[in-house]
Amino acid sequence: MGYLRKSIKEIHEALVSGAVTPEELVREALTKAHDNDDNAFEYICDKEAYDALKDLDSKDKNNLLWGIPFVCKDNFSSKDIPTCGSSNILNGYVPIFDSEVISRLKAAGAILIGKTTLDELAMGGSGTTGHLGTTYNPWDDSHKYQIGGSSCGSAASVAAGIVPFSIGSDTGDSVRKPAGFSALVGIKPTWGRISRF
């Protein structure tokens, strides 16, 4: 199909025109996530993504993110989805609420297909310290070169063409470094521009 490597605007236009469906995008994204060998995921949201598809209202398809799959760094709270921050300290923790960014993306109709790896508790810049091991750069089949961190899985999943966008967190350079290492654009919003909840 190949839509997941297109821009959000191009995917949106394809969804509005009926050239592709949210179900097709989610199915392709989940298949790619399961096939990925870069250690980009803490948790893949198969059931949750298909449940979210059932709740999509076609009247909302003019929302830019409607029906588009995405992933989120595993330090953002996601209701009823395991969230451990790539640390054995939190292994098995399942939040009872969504963080603000997850709530807003769900409200816009975006579909969460996975929680991504990071340096443990977002403390690191290499993508090598998560409890599941090193996250690899998708551009390097030899798995010798770093993706950078701490938002390593978020960058790897976009670079691998699994999703067209992802959410990370950036205190020092935790989004921008892995984005730079994988030929992507990573944005750190101005302080106060988005909710920190």
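Here the range 16-25 is the region considered, the condition is being part of a helix (DSSP H, G or I) and either in contact with a strand residue (DSSP E or B) (Cβ under 6 Å, 6 or more places away or on another chain) or farther than 17 Å from L112 by Cα (or both), and the residue that is least open to solvent (accessible area, probe 1.4 Å) is L25. Only one entry of A183, A179 meets the criterion of being among the hydrophobic types (A, V, I, L, M, F, W, C) and more than 27 Å from D98 (Cβ to Cβ), and that entry is A183. Can you confirm whether the range 148-161 contains a residue that is of a type in the set (V, I, T), touching a residue at least 24 places away in the same chain (Cβ under 8 Å) and within 23 Å of G2 (Cα to Cα)? Yes, there is a match, as at least one residue in the range 148-161 is of a type in the set (V, I, T), touching a residue at least 24 places away in the same chain (Cβ under 8 Å) and within 23 Å of G2 (Cα to Cα). Of the residues making up the range 58-83, just one is within 14 Å of the chain's Cα centre (by Cα) and closer than 17 Å to G18 by Cβ, namely I68. Checking each residue of the range 133-149 against the condition of being surrounded by 15 or more Cβ atoms within 10 Å (Cβ to Cβ), of a type in the set (A, V, I, L, M, F, W, C) and farther than 14 Å from F76 by Cβ gives at least one match. Given the criteria at pLDDT 95 or above and touching a His at 6+ places or on another chain (Cβ under 9 Å), does L112 qualify? Against the criterion (at pLDDT 95 or above and touching a His at 6+ places or on another chain (Cβ under 9 Å)), L112 does not qualify. Going by the conditions given, is K32 basic (K, R), farther than 21 Å from K6 by Cβ and assigned to a helix (DSSP H, G or I)? No: the conditions fail for K32.
Quick check on the range 47-88: of everything there that is assigned to a loop (DSSP other than H, G, I, E, B) and among the acidic types (D, E), which residue is surrounded by the most Cβ atoms within 10 Å (Cβ to Cβ)? In this case the residue turns out to be D74. Out of the residues in the range 26-46 meeting the condition of being touching a residue at least 60 places away in the same chain (Cβ under 8 Å) and touching a Phe, Trp or Tyr at 6+ places or on another chain (Cβ under 9 Å), tell me which one is surrounded by the most Cβ atoms within 10 Å (Cβ to Cβ). Going through the qualifying residues, I end up with A40. Within the range 56-79, residues that are under 22 Å from I162 (Cβ atoms) sit with their Cβ atoms under 8 Å from residues that are of a type in the set (V, I, T) and surrounded by fewer than 16 Cβ atoms within 10 Å (Cβ to Cβ), at 6+ positions apart or across chains, in these pairs: L64/I8; L65/I8; G67/T21; I68/I8. Whenever a residue of the range 96-107 is closer than 14 Å to A49 by Cα and of a type outside the set (D, E), its partners that are modelled with pLDDT of 95 or more and in a helix (DSSP H, G or I), lying with C-beta atoms within less than 9 angstrom and at least six residues away or across chains, give the pairs K106/A52.
The values are calculated or read from the model by the stated rules, or taken from the named source; none is laboratory data. Quick caveat: nothing in here was measured; it's all calculated off a predicted structure. A quick note on method: Cβ atoms are made from the backbone with ideal geometry, for glycine too, and the neighbour counts reach across all protein chains shown. Just so you know, the surface numbers come from the protein's heavy atoms only, side chains and all, with ligands and any DNA or RNA stripped out. Shrake-Rupley method; radii C 1.70, N 1.55, O 1.52, S 1.80 Å.
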